[in-house]
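Chemist: Provided herewith is a single structure, encoded as structure tokens, for subsequent inquiry.
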Amino acid sequence: MSRALQSIGRSAIGWLLPALLLVGWEIASRAGLISANVLPAPSAVGSAFWKLLLSGELLENIRISTLRALSGFVVGGAIGFGLGLANGLSALSRGLTDTTIQMIRNIPHLALIPLVILWFGIDEEAKLFLVALGVFFPIYINTLLGIQGVDPQLVEMGRIYGMSRSQLFVRVILPGALPSIFVGLRYALGIMWLTLIVAETISASSGLGYMAMQAREFLLIDVVVLSILIYALLGKLADALARYLERLSLQWHPAFQNA
Amino acid sequence: MTAATITALRSFADTTARVTVPSRERKLAFSFRNVTKQFGDKTVLQGIDLDVHDGQFVAIIGKSGCGKSTLLRLLAGLDKPTSGELVHGAETKDQKPTRIMFQEPRLLPWARVGANVDVGLTGIAKGREVRQKSLDILAEVGLADRSEEWPSVLSGGQRQRVALARALVGHPSILALDEPLGALDALTRIEMQQLLERIWLSKKFTAVLVTHDVAEAVSLADRVVVIDSGRIALDLAIPVERPRRHASPELAFFERQILDQLYKQKAP
Ligand SMILES: Nc1ncnc2c1ncn2[C@@H]1O[C@H](COP(=O)(O)OP(=O)(O)O)[C@@H](O)[C@H]1O
Ligand SMILES: [Mg+2]
């Protein structure tokens, strides 16, 4: 009982500072210390949120942005994971593709935006392409590193006990690579939102980034701040989900025991 | 010591070449025939001849880098001899596998203890049978109630016992052990030695134990083979009744001979 209270207390303490900041911000705004043209009060952002929620505009934009983020993530993640596996397991595949991939990696994917707009216009493909490209590298590299880092003694053990190639993969190699793959996953989720924000801000006719840009044109600073907060929230949500999956599948790892 | 044992000991003391253990019509477990192993142009094992009978407990001793692990890897089929041949006895269809245990337990950290033991039945048993056999063998190594734990919560000695259970669950005819107790503290070592002897006595497999601990070798083995510069320098039978007492004068006698061989560099 008291231990439960303690743990609630411990997690509550982290929220103390943000809450104080919020209250301070509200007071400062009301006292006129912060001009509403620079930063609207939290209550103003709250009411903008309410208005957009009621009109359905907010949810629609969140839906569109999430869909874009996820589809780009699935495409880029799947290709990165597949190539990471292939290159981790086969020296031939690695020899064939790794140098090329490392070369492309040196181009910041956001630098491709002008080119991507020329190719795809401001259609969905443009966003999908950019997000997929951004997500691809962290997933690819960490999958590859994970597989290369699997303890060769364990692989030898599996062979000694007569595991087939597929058994070896499922029971030894993949679980051994998983911690590294999760690092890539969480990193990729961060890049996914970042890429989407930039892409939507520059070229889109819907979505959260577009909503923020429209609001900027009409000087609706409360909506701009709201969009930023929602991006932060969605990013946090994705990370929490990844952490949850990580905890679930890495129960064996000492780092996740008794935590 | 009786007069008879003293005579027996003398005769062993005179022997630095091979000693043929009274075979009692036993089957051959395996035989190295003029086996040589080279890595590049470095000769690690040279002209090894070694016959081991079924159910024998052989200890292999030698200085670090003398080729003990290489010998075991050949025995377990993890490497092939450069020349010569390795013959396994009783080459029948239901040939039981040779298992090897290492200094590191090599457990899968992401599989629970029971599932790690299951690995030892890969391709041997399926379904329910697997779990039952695993639980049985875990009970034999004294870990019956730990099958649902993660390996990371076990002590070093317990992990090595899980590895032993995994090696034995498929009823191997030969168990090769490469310094399996090397990383354990002295007290755990003695416990593990007793466990190993007890299980060997009940399961009757052929045991080949590489160790750098001479006392361990003489207290466990029927026969101690000393390897030096890639050759068998001494092949010594240890005809001492079991259960043996650690550091008894009888064992000390054999220990002395082995140490002499190891450090005096070829007594005449
Ligand atoms: N795969 C290998 N490639 C090259 N040299 C090896 C290999 N395995 C073992 N050796 C060499 O063979 C010698 C004997 O090694 P090893 O059998 O491991 O010795 P021990 O187990 O007796 O300490 C060492 O000098 C080692 O460097
Ligand atoms: Mg060795």
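No lab work stands behind these numbers, since they all come straight from the coordinates. For clarity, every value in this text was computed on a predicted model and none was experimentally measured. Every residue, glycine as well, gets a Cβ built from its backbone with ideal geometry; the counts of neighbours run over all protein chains shown.
Chemist: Longest segment of chain B with no GluC sites (Glu not before Pro) in a DSSP loop having at most 12 other Cβ atoms within 10 Å?
Modeler: Longest run free of exposed loop sites: B:149-240.
Chemist: Oh, and also: For region B:109-170, report the translational diffusion coefficient in µm²/s to the nearest whole number, using Stokes-Einstein at 10 °C, 1.306 mPa s, and a Kirkwood Rh over Cα pairs.
Modeler: Rounded to a whole number, D works out at 143 µm²/s.
Chemist: Filter B:Lys42/B:Lys68; B:Lys133/B:Lys203; B:Lys80/B:Lys126; B:Lys42/B:Lys80 down to the pairs with a C-alpha to C-alpha distance above 22 Å, please.
Modeler: Those over the limit are B:Lys80/B:Lys126.
Chemist: Please give the helix A:124-148 orientation as an angle from the longest Cα principal axis of chain A, in degrees from 0 to 90, rounded to the nearest 10.
Modeler: That works out to roughly 40 degrees.
Chemist: In addition: Antiparallel versus total DSSP beta bridges in chain B: what percent is that, nearest 5?
Modeler: Here the share of antiparallel DSSP bridges comes out near 50 percent.
Chemist: Given H placed 1.01 Å from N in the peptide plane, which residues other than close sequence neighbours of B:Met101 have an amide H under 5 Å from its amide H?
Modeler: The answer is B:Ala176, B:Leu177, B:Asp178.
Chemist: Compute the angle between helix B:156-168 and the longest alpha-carbon principal axis of chain B, please, reported from 0 to 90 degrees and rounded to the nearest 10.
Modeler: Result, in degrees: 90.
Chemist: Past the 29 angstrom mark, what percentage of all C-alpha to C-alpha distances in chain B do you count?
Modeler: Considering chain B, 33 percent of its Cα-Cα pairs are separated by more than 29 Å.
Chemist: Okay, next question. In region B:34-162, if every C-alpha pair distance is counted and binned at 10 Å from zero, what percent goes to each bin?
Modeler: Once binned at 10 Å, the Cα pair distances of region B:34-162 give 10, 32, 29, 23, 6, 0.
Chemist: What is the average number of partner chain Cβ atoms found within 10 Å of a Cβ in A:150-161?
Modeler: The per-residue average across the peptide is 5.
Chemist: Additional query: Ranking request for peptides A:145-158, A:62-75: highest mean number of other beta-carbon atoms within 10 Å first, then the rest in descending order.
Modeler: Descending packing order for the listed peptides: A:62-75, A:145-158.
Chemist: Can you pull out the chymotrypsin sites (Phe, Trp or Tyr not before Pro) in region A:131-167 whose DSSP state is coil and whose Cβ has at most 10 other Cβ atoms within 10 Å?
Modeler: Those that pass, being in a loop and sparsely packed, number zero.
Chemist: Using the alpha carbons of region B:119-261, what is the convex hull volume per residue in cubic angstrom, as a whole number?
Modeler: 129 Å³
Chemist: Can you give me the convex hull volume of the Cα atoms of region A:41-256, divided per residue and expressed in Å³?
Modeler: Per-residue hull volume (Cα only) is 142 Å³.
Chemist: Would you kindly work out the equivalent ellipsoid of region A:1-124 from its C-alpha gyration tensor and give its semi-axes, the square roots of five times the eigenvalues, largest first in whole Å?
Modeler: 44, 26, 17
Chemist: Which whole-number percent is the relative contact order of chain B (Cα, under 8 Å, 6+ apart)?
Modeler: RCO, chain B: 26 percent.
Chemist: Also: Give the lysines reachable from B:Lys264 as a straight Cα distance under 17 Å; neighbours fewer than 8 places away on the same chain don't count.
Modeler: Qualifying lysines at Cα under 17 Å: B:Lys63.
Chemist: Please report the antiparallel percentage of DSSP beta bridges with both residues in the protein assembly as shown, rounded to the nearest 5.
Modeler: Close to 50 percent.
Chemist: How large is ³J(HN,Hα), in whole Hz, for each residue of region A:212-226 in order, when computed from phi with the Karplus curve 6.51 cos²θ - 1.76 cosθ + 1.60 and θ = phi - 60°, using x for Gly and Pro?
Modeler: In residue order, the calculated couplings are 5, 5, 4, 4, 4, 4, 9, 6, 8, 5, 5, 5, 4, 4, 4 Hz.
Chemist: Can you compute the helix-only [θ] at 222 nm over chain B? Use -39500 (n - 2.57) per DSSP H run of at least 4 residues, normalise by all residues, nearest 500 deg cm²/dmol.
Modeler: -10500 deg cm²/dmol
Chemist: Which residue, B:Thr188, B:Thr36, B:Thr122, has the most motion in a Gaussian network model of chain B that connects Cα atoms within less than 10 Å?
Modeler: The residue that fluctuates most here is B:Thr122.
Chemist: With θ set to phi - 60° and the Karplus curve 6.51 cos²θ - 1.76 cosθ + 1.60, what are the ³J(HN,Hα) couplings of region B:129-138 in order, to the nearest whole Hz, using x for Gly and Pro?
Modeler: Result, rounded to whole Hz: 3, 4, 4, 5, 5, 4, 5, 4, 6, 4.
Chemist: Could you give me the radius of gyration and the Dmax of the protein assembly as shown, taking only the C-alpha atoms into account and expressing both in angstrom?
Modeler: That works out to 33.5, 112 Å for Rg and Dmax.
Chemist: Tell me which residues come under 5 Å, amide H to amide H, from B:Leu234 once H is placed; ignore anything under 5 positions away on its chain.
Modeler: Under 5 Å from the amide H of B:Leu234: B:Val226.
Chemist: Picking from B:Trp110, B:Trp150, B:Trp200, which is most flexible by a Gaussian network model of chain B using Cα springs under 10 Å?
Modeler: It is B:Trp110.
Chemist: Hey, fewest Cβ within 10 Å first, where do B:Thr43, B:Thr98, A:Thr143, B:Thr70 land in order?
Modeler: Listed from fewest to most nearby Cβ atoms, that is B:Thr43, B:Thr70, B:Thr98, A:Thr143.
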